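The values are calculated or read from the model by the stated rules, or taken from the named source; none is laboratory data. Please read all numbers here as calculations on a predicted model, not as lab measurements. Every residue, glycine among them, receives a Cβ derived from its backbone with ideal geometry; neighbour counts consider all protein chains shown.
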Amino acid sequence: MLEIIADLHIHTIASGHGADTIRTVCEFACKKNLKAIAITDHGPGFPGGAGITYFMSLHRLANNIIFPLKIITGIEDDIKNRKGELTISDDILKGLEIVMTGCHPFTWIAEQRKRVRTDAVVNAITKGCVKVFTHPVGTYIDIELKPVLDAVISAGAALELNTSKIDKTDVIMDLLEKCGTNNIPIVVNSDAHTAEEVGSFDEACRLLDETGFPEHLVVNRSKESIKSFFDIVWK
Ligand SMILES: [Zn+2]
Ligand SMILES: [Zn+2]
């Protein structure tokens, strides 16, 4: 079975509704033999999300918390308008190693019509800073998938296979088929909000096997593919 070596979508207490600290997350990730984790808390667009100073400090935190794994700095920021701007400014986003966005309840995008929502997501991805669109299916905040897939392809971004939202199997299978056919990379992530959830990939790996999904399109299958896809330094 395919092995996922890194969990690249993890929330901590800094998101406002996560249970654990970066340190505790690292302890559990090490127990699961993960080679890397990405700390990707919500930004200020999400009620209770972390503020600018947290993301500006994240490199320092990641460098000084010592565990036998790579701590990658990231964010799952929200979109704040139809132009696709995120709630954190580009200069701060550029200082983070993994920038992701997704559609969440209680945010600007949740209040929009499907058309506006889709435009916002397409524009956010097209701007180039966002490398992963999180939980593209399986949430009640609906978007038009086709234009989003086109934007992901032209921006060289990836879609997420989110293991916390994997219950609608037919929808997920359909998405995997589209990704496989169109050479769209995917990232398999837990979206953990507790340390115990970190690295929960079994169901996702089973689905990938079952669908015969091309392994080379799974970004977090190896250190080299993570480094080259996200252009990060990892010795
Ligand atoms: Zn999310
Ligand atoms: Zn999340």
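The sole residue among 105, 68 that is surrounded by fewer than 20 Cβ atoms within 10 Å (Cβ to Cβ) and within 13 Å of ligand 2 (Cβ to nearest atom) is 105. Inclusion of residue 97 among residues that are touching a Ser or Thr at 6+ places or on another chain (Cβ under 9 Å) and away from ligand 1 (no atom under 16 Å from the Cβ) is warranted.
Given the condition modelled with pLDDT of 95 or more and over 15 Å from residue 14 (Cα atoms), answer yes or no: does some residue in region 37-47 qualify? Among the residues of region 37-47, at least one is modelled with pLDDT of 95 or more and over 15 Å from residue 14 (Cα atoms), which makes the answer yes.
Every residue in region 6-35 that is touching a Phe, Trp or Tyr at 6+ places or on another chain (Cβ under 8 Å), on the phi > 0 side of the Ramachandran plot and away from ligand 2 (no atom under 16 Å from the Cβ), please. Within region 6-35, no residue meets the criteria. Of all residues in region 1-18, those satisfying the criterion of being under 18 Å from residue 44 (Cα atoms) and not β-branched (Val, Ile, Thr) are 9, 11, 14, 15, 16, 17, 18. Of everything in region 155-185 that's within 16 Å of ligand 2 (Cβ to nearest atom) and of a type in the set (A, V, I, L, M), which residue is surrounded by the most Cβ atoms within 10 Å (Cβ to Cβ)? In this case the residue turns out to be 161. For region 1-11, the tally of residues that are part of a loop (DSSP other than H, G, I, E, B) and more than 14 Å from ligand 1 (Cβ to nearest atom) stands at 5.
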